[in-house]
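The numbers here are math on the coordinates, done by the rules we state, and not lab data. As the structure is a computational prediction, the values presented were derived from the model and not from experiment. Cβ placement follows ideal geometry from the backbone for every residue including glycine, while neighbour counts extend to all protein chains displayed.
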Amino acid sequence: ERCAPHSNRERDEERGPPAAPPSPAPGPWSLEDILGEEDEQDRVPLQKLKLLGESEELRDLLLNPHLRQLLLTIDQAGDKSSLMRRFMQEPLFVEFADCCLRVVEPPEKENILPE
């Protein structure tokens, strides 16, 4: 007897659903994943980084689609340093960077007498 050839669909049904891609490791990155020892002086404590998520001003800036596109472009770029130099000329990006710095390194209050 001859067997009728299976269609692709029938073969797929016999195999079952495709295996799910491996999921990324749970939890946030560690600082060691992001920065090396030479970057020690540039580290911002995780607690201060979390303050970025609580900043209303930063959230408002991130609603701007142009800024979001700039950030995506940097994230996906191979040569981030030259792109950053170029984007530091963009007033919107400078406003974003300044906002982030104000959150993680608030300006010291000058000329205020202690009570």
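Annotations for the structure displayed:
- The slack in the chain from Leu52 to His66, taken as 0.36 nm per residue of separation less the alpha-carbon distance, amounts to 3.1 nm.
- Projected label points at Arg85 and Arg102, each 7 Å from Cα along the beta carbon direction, are separated by 2.9 nanometres.
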